[in-house]
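To start, the structure under review is shown below, and the notes come after it.
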Amino acid sequence: MAKDNFNGDPNEEKLFEAFKEKDWTEIRTNDSWVIFKMIGEFVNGFEKMSKIGPCVTIFGSARTKPENPYYQLAVEIAQKLTTQGFGIITGGGPGIMEAGNKGAKAGGGKSVGLNIDLPFEQHSNPYIDPDKNIDFDYFFARKVMFVKYSQGFIVLPGGFGTLDELFEALTLIQTLKIGKFPIVLVGTSYWKGLIDWIKSSVIEDEKNVSPQDLNLFKVVDSADDAVQIIVDFYSKYTLKPNF
């Protein structure tokens, strides 16, 4: 199909590029530069993140407004975690991510932002420590940083990106690729439908997940309960980074 048939829609442009015929030299050149770019993101991320110390990652929607109770809850959780000696890692953008960094800043803790370059909705928030604001083009490189340098995960309401990050952490813990770090879902009413579906369809009907895998996360509604789960978990161990 000729490119002239496309109407300028970004999605159609990407489809056109995917189906466009390329010669071997062009493929090899493009792939080589992509590989170098990936390596660069990992090297930059490892270099900056290796110095941050123990941190908890806060996941949640970029679309949550400051007047939303979940935004305010994220601020409170982050601030209370910093008083327990944890830094805060977020996706670096607005919404719940901004709230997490805002709480970390208010609590005098380390405030890390792993920002992703998107054509809409994502931009760095002003509460990230300047030396801990890291930009990524690739979601997979960014997710490696979340998992490698976090000692726990607090997940507030969010969309596809939040769900992706949640299930990435759950999968890695379930398959013993990382330690069984605490995962805390905040908002009983928000997560109820998903959990009910996992129990009924995924576990009972299809038996695609073991019943004990439900113990990989906890669900709470308050900042104190979320923070206490993290603190209780680490009271059993020496608090140290997981790298």
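Looking at the structure I just gave you, is Lys218 surrounded by fewer than 19 Cβ atoms within 10 Å (Cβ to Cβ) and either of a type in the set (Gly, Ala, Ser) or in contact with an Asp or Glu (Cβ under 9 Å, 6 or more places away or on another chain) (or both)?
Taking the combined requirement at face value, the residue satisfies it.
Filtered by the rule that a residue be of a type outside the set (Ser, Thr, Tyr) and surrounded by fewer than 13 Cβ atoms within 10 Å (Cβ to Cβ), segment 177-193 gives Lys177, Gly179, Lys180, Lys192, Gly193. Within segment 163-178, how many residues turn out to be of a type in the set (S, T, N, Q) and either more than 11 Å from Leu216 (Cα to Cα) or within 9 Å of the chain's Cα centre (by Cα) (or both)? Number satisfying all stated conditions: 1.
For segment 198-213, a residue qualifies if it is closer than 30 Å to Tyr71 by Cα and either surrounded by 15 or more Cβ atoms within 10 Å (Cβ to Cβ) or touching a residue at least 24 places away in the same chain (Cβ under 8 Å) (or both), and the qualifying residues are Ile198, Asp213.
Here segment 141-162 is the region considered, the condition is being under 10 Å from the mean Cα position of the chain (by Cα) and hydrophobic (A, V, I, L, M, F, W, C), and the residue that is surrounded by the most Cβ atoms within 10 Å (Cβ to Cβ) is Ile154. Pairs meeting the criteria (first residue in segment 75-90 and in contact (Cβ under 8 Å) with a residue 12 or more places away in the chain and farther than 14 Å from Val184 by Cβ, second residue among the basic types (Lys, Arg) and not in a helix (DSSP H, G or I), beta carbons under 6 Å, at least 6 apart or on different chains) are Gly87/Lys110.
For segment 120-141, enumerate the residues that are without any contact (Cβ under 8 Å) to a residue 60 or more places away in the chain and of a type outside the set (Phe, Trp, Tyr).
Step one: filter segment 120-141 for residues without any contact (Cβ under 8 Å) to a residue 60 or more places away in the chain, giving 120-121, 123-130, 133, 135, 139-140.
Within segment 120-141, Glu121, His123, Ser124, Asn125, Pro126, Ile128, Asp129, Pro130, Asn133, Asp135 meet the criteria.
Could you tell me whether Asp117 is farther than 23 Å from Pro182 by Cα and in contact (Cβ under 8 Å) with a residue 24 or more places away in the chain? The answer is no for Asp117.
Taken together, the values in this text are just the output of simple stated rules run on the coordinates, not laboratory data. Computed from a predicted structure; not experimentally measured. Quick reminder, even Gly has a Cβ in these numbers, built from the backbone with ideal geometry, and neighbours come from all protein chains shown.
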